[in-house]
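Just so it is clear, none of the values below were taken in a lab; they were calculated from the coordinates. Because the structure is a prediction, the values reported are computed rather than measured. Ideal geometry is used to build each Cβ from the backbone, glycine not excepted, and the neighbour counts take in all protein chains shown.
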Amino acid sequence: MPGSQRSEERGEAEATAGDEDLGGLTPEELQQGQEAALALEDMMALSAQTLLQAEVDALYLPVRTLGQGRYGRVLLVTHRQKGTALALKQLPKASTTLRGFLHEFCVGLSLGAHAAIVTALGIGIESAESYSFLCEPVLHGDLIAFIEPKVGVPEAAAQRCAAQLASALEHVHARGLVYRDLKPENVLVCDAGCRRIKLTDFGHTRPRGTLLRLAGPPIPYTAPELCAPPPLPAGLPIQPGLDAWALGVLLFCLLTGYFPWDQPLRDADPFYEDFVLWRASGLPDDRPQPWGGLAPAADQLLGALLDPEPRGRAAVSCVRAYLGRPWKQPRGGQAGVEDGGE
């Protein structure tokens with residue numbers, strides 16, 4: 001994908017919005033988030049008491065690195081006695097607090113089993129230099145490697161990814177959580193044909209209603225409500241609409257091979273301004289250049305997910321209504337969902 005992806009720095013208030021100022025949340029939505037936060041705190045307290053104190057190399061034999069980022073790395077390992085292949089996420093203590101580790105570890109456990117989410121195993125390890133936890137191995141890399149610049153992925157693969165990601169995010173939202181970090185690097189691919197994918201990396205996942213401030217420059221996946229001056233002094237109570245926006249941007253990348261904009265700011269990004277003006281015009285054929293290869297069904301789907309007004313934005317579940325319809329303009333021949341790339 002062209003261009004380098006900038007990081008999104010976030011500042012958070014470890015609290016949820018109060019009843020007197022819900023920031024657009026209904027009381028029921030706020031209660032769901034508060035219940036999720038309390039359950040997560042209980043799980044973290046218990047996990048802190050049951051961390052295995054050991055050096056990782058004494059228990060597991062490293063095979064190869066599956067992924068690496070600023071905050072840690074994921075290794076393919078085998079159990080030294082049983083030979084079982086596992087993925088081990090290792091977070092250095094120099095850059096990770098115990099609370100931060102426990103949060104990511106316990107969010108993964110709280111999500112349980114889902115076909116499109118990496119399964120976390122209930123084994124957390126504290127060694128002298130790092131915190132680690134185990135999960136199922138996914139061996140074909142992340143989704144970014146499958147996206148051809150200025151092309152994307154085959155339409156059938158895009159629709160499979162869309163269906164699975166929507167299902168995974170619905171699962172997260174049903175538990176009162178918001179994922180908050182959807183991007184191709186956090187989507188793991190299970191096979192060479194990109195038929196099955198799994199969402200991973202829950203370090204930024206928070207209960208619905210947690211107060212959030214954007215502390216760094218926005219990136220394409222940042223929802224516009226986070227770019228404006230915060231409506232609340234302490235921050236914006238986060239909602240699933242943040243994930244819906246990021247899903248829309250990711251689907252655009254899968255279909256085209258590039259971002260629709262660099263940042264969702266009308267006064268700073270002409271591509272975003274063109275999108276907003278096109279959306280307001282009601283003229284489907286007067287499309288901005290980056291949208292030229294998309295079919296009407298994709299216009300409608302992305303328009304629903306990428307509503308600049310968070311309360312007008314569709315839920316991630318809306319993806320299902322558009323599956324099986326053409327998402328790309330045909331290049332000659334009969335229009336339809338392609339089945340290729342395998």
### Query
So which lysines pass the test for Lys328, namely a Cα distance under 16 Å, with those fewer than 8 places away in the same chain ruled out?
Lys150
## Note on the structure
Quick note on Tyr322, Tyr179, Tyr131, ordering by fewest other C-beta atoms within 10 Å, gives Tyr322, Tyr131, Tyr179
### Message
Calculate the FRET efficiency for Arg64 and Ala39 from the Cβ-Cβ distance with a Förster distance of 30 Å, rounded to the nearest 0.05.
### Response
0.25
### Query
Tally Lys/Arg at +1 and Asp/Glu at -1 over every other residue whose Cβ is under 14 Å from the Cβ of Leu59; what's the total?
-1
### Contact order normalised by residue count of the range 30-135, Cα under 8 Å, 6+ apart, percent
28 percent
### Query
Mean projection of the alpha-carbon convex hull of the range 30-135 over all orientations, in nm²?
7.5 nm²
#### Entry: Pair-distance profile P(r), taking every C-alpha pair of the range 33-89, with 5 angstrom steps and integer %
4, 16, 16, 15, 17, 16, 9, 5, 1
### Message
Roughly how far apart, in whole Å, are the Cα centres of the range 59-123 and the range 267-296?
### Response
41 Å
### Message
Give me, ordered by chain and number, the residues 5 or more places off Gly152 or on other chains with an amide H under 5 Å from its own placed amide H.
### Response
Gly257
### Task
Rounded to the nearest 500, what is the 222 nm mean residue ellipticity of the chain from helices alone, with -39500 (n - 2.57) per DSSP H run of 4+ residues and division by all residues?
-9000 deg cm²/dmol
## Note on the structure
Yeah, the range 244-320 with a ≥ b ≥ c from its alpha-carbon gyration tensor (a/c under 1.5 is rounded, else prolate when a/b outruns b/c, oblate otherwise) is rounded
### Query
Tell me, what is the percent relative contact order of the chain, built from C-alpha pairs under 8 Å that lie six or more residues apart?
20 percent
### Query
Where does each of Val63, Val56 land when they are ranked from fewest to most other beta-carbon atoms within 10 angstrom?
Val63, Val56
### Message
I'd like the FRET efficiency for Gln31 and Leu323, computed as 1/(1 + (r/R0)^6) with the beta carbon distance as r and R0 of 30 Å, rounded to 0.05.
### Response
0.40
### Query
Between His79 and Ala113, what is the spin-label point distance in nm, taking each point 7 Å from the Cα along the Cα→C-beta axis?
1.7 nm
#### Entry: the range 146-231: radius of gyration over Cα atoms, expressed as a fraction of 2.2 N^0.38 Å
1.24
### Summary
Kirkwood Rh over alpha-carbon pairs of the chain plugged into Stokes-Einstein at 25 °C, 0.890 mPa s gives a D in µm²/s of 116 µm²/s
### Query
Once the Cα atoms of the range 143-322 are picked out, what are the Rg and Dmax in Å?
15.6, 47
